[in-house]
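Working notes, structure below.
All of the numbers you see were taken from the coordinates with simple rules; none came from a lab. Nothing here was measured: the structure is a model prediction, and the numbers come from that model. Heads up, the Cβs are rebuilt from the backbone with ideal geometry, glycines too, and the neighbour counts pull from every protein chain shown.
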Amino acid sequence: MAIGMSARFPWPYAVTYGLCYAFLWLMKGFEWIMRRHHAGAYSRAAVNAPGDIIAVPARRLYLYSQADDIILARDIEVHAAQAKELGFGVDLEEFDGSEHVGHMRRHPEQYWRAVTESWQQAGKR
């Protein structure tokens, strides 16, 4: 169960929202001044840098859904295509209507079939 921050503070939700918004913009400004990428952008690029963190022979299974409102399906597809161009073994499995990290719970057969097939492909290398 997710617990929001507003329940922990005695002031109105708008104040908490404003403080969080200001903090995120402050961090964005700091990263711009320091000429650094935020952790999400750095991580996304790092996992597609052959040999730096993950060896190219490593196989990837991308599990995603159009119903995910945290990570867009299009972003998953683009990242998978980039990985494939770099020589990574890539499997994509799209789920119908399951939210972020809800694929196994809503579609257990499809989920475990995709995992099993991907592991079998990885074992062939």
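Values computed for the structure shown
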read-out	value
PHE9 versus VAL101: modelled label distance in nm, points set 7 Å from Cα along the beta carbon direction	2.4 nm
Identified option (computed Cα Rg over 2.2 N^0.38 Å; candidates [x] 1.23; [y] 1.37; [z] 1.15)	[y]
FRET efficiency, 1/(1 + (r/R0)^6) with R0 35 Å, evaluated for HIS38 and LYS124 via beta carbons	0.40
Protection-proxy order for peptides 58-66, 43-51, each taking the mean of Cβ atoms within 10 Å per residue, highest first	58-66, 43-51
Dipole magnitude (debye, nearest 20) for the chain, charges at Cβ of Lys, Arg, Asp, Glu	440 debye
The chain: calculated mean residue ellipticity at 222 nm from DSSP helix runs of at least 4, using -39500 (n - 2.57)	-15500 deg cm²/dmol
